[in-house]
Amino acid sequence: MQPPVAGILLAAGEGSRLGQPKALVEVAGQRLVDRGSRMLRDGGAAPIVVITGAAPVDVPGALVVHNPAWPSGMGSSLALGLSALRSLPGECGAAVLALADQPLVGSESVRRLIAARVAGASIAVAAYDGRPRNPVLIAREHWTEVLTLAKGDAGARPFLRAHPDLVTLIECGDTGSPDDIDTPEDLARVTQALLHRDQS
């Protein structure tokens, strides 16, 4: 039996164009940070680590880790999340990385990435119409190199670009959308999409 697959939700951004930290932004009555952690959990990831920064956030059922270096970009949050998993008792075999500002990503994408891991993939990336986006699963044996390359706002991207031969693309276009919420216009559009999805 393979070790469990953890979930890391990156939720540290200040949301400068939105006017409030992204973790606290409510979409269809629920904070982005809660939606993201639930998406990971419903997809089968455990434990869940939430990386915060611009605002203190409590997330029931998740290990919340504050990143004091959050202004430096996503790389420091990713590094902190992987380091937190390494310090937990028991051993996670992989981690699914997700962003709090993509609430249209569905839990089915996480399930598919974990299934790809069970089938032998060491790196699995959700794709939408063939284009790689988020979430991303990275096996534990790669974490050290990911930590080395995670600088600024790049996150896992430098590692993924350095190892295209290891990447397994998992089509998730039928499970949701990786649209980001960066502006009030994005927020309005994504809120409408979520409400339409919840009603259908």
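Since every read-out is calculated from the coordinates, none of them should be taken as a lab result. All figures in this text were calculated on a predicted structure; none of them were measured in a lab. Note: ideal-geometry Cβ built from the backbone for every residue, glycine included; neighbour counts use all protein chains shown.
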* Given the C-alpha centroids of the range 148-172 and the range 81-114, what is the distance between them in whole angstrom? -> 15 Å
* **More than 28 angstrom apart: percent of Cα pairs within the range 5-199** => 17 percent
* Asked: HN-Hα J couplings of the range 140-156 from phi, Karplus 6.51/-1.76/1.60, θ = phi - 60°, integer Hz, Gly and Pro as x?
  -> 4, 5, 9, 4, 4, 5, 4, 4, 5, 8, 6, 10, x, 9, 7, x, 7
* To do: Between Leu88 and Ala188, take the C-beta separation as r, use R0 = 41 Å, and let me know the FRET efficiency to the nearest 0.05.
  => 0.60
* Compactness of the range 1-53 - radius of gyration and Dmax, Cα, Å -> 12.7, 46
* Asked: What length, rounded to one decimal in nm, is gained on full extension from Arg157 through to Glu171, with 0.36 nm per residue of separation minus their alpha-carbon distance?
  -> 3.2 nm
* **DSSP bridge orientation in the range 5-199 - percent antiparallel, rounded to nearest 5** => 35 percent
* Structure fact -> For Asp153, the residues 5 or more places away or on another chain with a placed amide H closer than 5 Å to its own amide H are Met74, Gly75
* Structure fact -> For Ala94, the residues 5 or more places away or on another chain with a placed amide H closer than 5 Å to its own amide H are Ala6, Arg140
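If you stretched the chain out fully between Thr148 and Ala119, how much longer would it get, using 0.36 nm times the residue separation minus the C-alpha to C-alpha distance?
Result for the pair: 7.7 nm of gain on full extension.
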* Asked: How much mean residue ellipticity at 222 nm does the chain get from its helices, if each DSSP H run of length 4 or more adds -39500 (n - 2.57) and you divide by all residues, to the nearest 500 deg cm²/dmol?
  -> -10000 deg cm²/dmol
* Placing +1 at every Lys and Arg Cβ and -1 at every Asp and Glu Cβ, with all other atoms neutral, what dipole size does the chain have around its Cα centre, in debye to the nearest 20? -> 300 debye
